[in-house]
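Q: The structure follows.
The values are calculated or read from the model by the stated rules, or taken from the named source; none is laboratory data. The model shown is predicted, which means the values in this text are computed figures rather than measured ones. Neighbour counts are summed over all protein chains in view; Cβ atoms, including those assigned to glycine, are modelled from backbone coordinates with ideal geometry.
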Amino acid sequence: MNVVEIALGEVAEGVFELRLPIPFEDGLVNVFLFADGDEVDLLDCGMNSAESVAAIRAATSKVGAKRIRRLVVTHIHPDHYGAAGTLAGDGGADLYLHRLEVPLVNPRYVELEHLVREVHTYLLVNGVPAEEAEVLSNSQRALSQLVKPADPAVQLDGAELLNMGRRELRVEWTPGHSPGHICLYESEDKLLFAGDHMLPELSPNIGLHPQSTPDPLHEYLEGLERMAAYGPRKIMPAHGRPFHDAAGRAAALIAHHRRRLDQITEIVAGGEHSAWQVALELWGERKNLYEKRLALQEALAHLQALAVEGRLVKLVSPSAVRWRPQPSTA
Ligand SMILES: [Zn+2]
């Protein structure tokens, strides 16, 4: 067998960060190994590629472990959950997953047809031209190739205390980027394992779509405040480098979304819009299909938050969802 090159760094005593390759974002996802003698617990697992799984196996033996005991997954996006079916179940690790992520797995990665149709309708009613809606609704198929699902051994609600390696971490339910996204927090050393919730450079995609919760942006902003209030000493994100200023980062992310809410209010003040029109005005034409769909979902999350706050009017029919200024601001 070839020797696998791995980048393994100790981020806290007995906790190791492994950087795995992914074909999007900044090209790397960080997963964490919590060592405990000849067993290791894993937070997130990268995509289901031979290269990525070999790196996890190499890292497992490098920290002195013979087997992976628990696999805790922050959310079921391919770069965090992809290899779950290779590492968990059938004599492998026990998979821990928030229960709001569990129902997303089959429609997304196994029985795609229903979701592809549902997304197609959702794109059309939100103003996406028919030709593009066809291509965009099919983009889900490519992602499913990177994922091998597994059944969870434990479904989390949030607020559980988990043994990870020789440490105890609390599950923090932080919805927004995904309905059952979780962070792990260790109060003793004030360590926050943030998943995609709080990233040092990127603003994670917050989208309204058929599988999201109904008001993901408000949930996300509330979760940022909750995590910052712990005053963590060190934040370990899933993308980018560890950082220290949680309050500053949370404030910057919140300000970014508040600005975007104001921008969208202004766009819609010009007259009734579909979400697609708003997305095009905000971000212009994007080449990448995946980015286009994310832009629509992001615009919708903000529009929905504005409707919830009473700053916009949301109108629905079987064929269209439209957004209109409040009469007072028209
Ligand atoms: Zn993600």
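Q: If the Cβ limit is 8 Å and pairs must be 6+ apart or interchain, which residue in the stretch 129-143 that is within 13 Å of LEU115 (Cα to Cα) pairs with which residue that is outside any helix (DSSP H, G or I)?
A: The qualifying pairs are LEU136/VAL128.
Q: While we're on this one: Could you check the stretch 81-99 and list, in sequence order, the residues that are in contact with a strand residue (DSSP E or B) (Cβ under 7 Å, 6 or more places away or on another chain), within 16 Å of the ligand (Cβ to nearest atom) and part of a helix (DSSP H, G or I)?
A: Correct list: ALA84 only.
Q: Here's a follow-up. Right, LEU202: buried (at least 22 other Cβ atoms within 10 Å of the Cβ), within 16 Å of the ligand (Cβ to nearest atom) and of a type in the set (A, V, I, L, M, F, W, C) or not? So that I can check it myself, show each step before the final result.
A: Details: buried (at least 22 other Cβ atoms within 10 Å of the Cβ): no; within 16 Å of the ligand (Cβ to nearest atom): yes; of a type in the set (A, V, I, L, M, F, W, C): yes.
Here the answer is no, as LEU202 does not meet what is asked.
Q: Next up: Might you check whether a residue that is surrounded by fewer than 22 Cβ atoms within 10 Å (Cβ to Cβ), within 20 Å of HIS239 (Cα to Cα) and not hydrophobic (A, V, I, L, M, F, W, C) occurs anywhere in the stretch 26-44?
A: yes
Q: If you take the residues of the stretch 277-304 that are of a type in the set (A, V, I, L, M, F, W, C) and surrounded by 22 or more Cβ atoms within 10 Å (Cβ to Cβ), which of them is nearest to ILE254 (Cα to Cα)? Outline the logic, then answer.
A: Residues of the stretch 277-304 that are of a type in the set (A, V, I, L, M, F, W, C), as a first pass: 278-280, 282-283, 289, 294-296, 299-301, 303.
Subset that is surrounded by 22 or more Cβ atoms within 10 Å (Cβ to Cβ): 278-279, 295-296, 299-301, 303.
Numbers: VAL278: 20, ALA279: 20, ALA295: 18, LEU296: 20, ALA299: 16, LEU300: 17, ALA301: 14, LEU303: 16 Å.
Among residues in the stretch 277-304 that are of a type in the set (A, V, I, L, M, F, W, C) and surrounded by 22 or more Cβ atoms within 10 Å (Cβ to Cβ), the one nearest to ILE254 (Cα to Cα) is ALA301.
Q: List every residue pair whose Cβ atoms sit under 6 Å apart, with the two residues 6 or more apart in sequence or on different chains, where the first one lies in the stretch 246-265 and is among the small types (Gly, Ala, Ser) and the second, anywhere, is modelled with pLDDT of 95 or more and not in a helix (DSSP H, G or I).
A: As it stands, the answer is ALA246/PRO232; ALA246/ILE235, since those pairs meet every condition given.
Q: List the number of the failed condition for ARG311; all other conditions in (1) surrounded by 14 or more Cβ atoms within 10 Å (Cβ to Cβ); (2) free of Cβ contacts under 8 Å to residues at least 12 places away in the same chain hold.
A: Status for ARG311: all satisfied but (2).
Q: Scan the stretch 56-78 and tell me whether some residue there is more than 26 Å from GLN297 (Cα to Cα) and within 16 Å of the ligand (Cβ to nearest atom). Full working, then the answer.
A: Here is the first cut: in the stretch 56-78, the ones more than 26 Å from GLN297 (Cα to Cα) are 56-72.
Subset that is within 16 Å of the ligand (Cβ to nearest atom): 72.
Checking the stretch 56-78: at least one residue is more than 26 Å from GLN297 (Cα to Cα) and within 16 Å of the ligand (Cβ to nearest atom).
Q: If you don't mind, there's one more thing I want to ask. Quickly run through the stretch 253-276 and pick out the residues that are loosely packed, with under 14 Cβ neighbours inside 10 Å and small (Gly, Ala, Ser).
A: Listed by number, the residues that qualify are ALA255, GLY270, GLY271.
Q: Continuing with this model, one more query. Restricting to the stretch 35-66, name every residue that is assigned to a helix (DSSP H, G or I), among the hydrophobic types (A, V, I, L, M, F, W, C) and farther than 24 Å from GLU13 by Cβ. Show your work before the answer.
A: From the stretch 35-66, those assigned to a helix (DSSP H, G or I) are 50-62; that's our starting set.
Next, only the ones that are among the hydrophobic types (A, V, I, L, M, F, W, C) stay: 50, 53-56, 58-59.
Hits for the stretch 35-66 are ALA50, VAL53, ALA54.
Q: Which of (1) surrounded by fewer than 18 Cβ atoms within 10 Å (Cβ to Cβ); (2) more than 16 Å from the ligand (Cβ to nearest atom); (3) not in a helix (DSSP H, G or I) does VAL171 not meet, given it meets every other one?
A: The single condition VAL171 does not satisfy is (1).
Q: Right, ARG69: of a type outside the set (Phe, Trp, Tyr), touching an Asp or Glu at 6+ places or on another chain (Cβ under 8 Å) and without any contact (Cβ under 8 Å) to a residue 40 or more places away in the chain or not? First the steps, then the outcome.
A: On the way: of a type outside the set (Phe, Trp, Tyr): yes; touching an Asp or Glu at 6+ places or on another chain (Cβ under 8 Å): yes; without any contact (Cβ under 8 Å) to a residue 40 or more places away in the chain: yes.
When the stated conditions are applied, ARG69 passes them.
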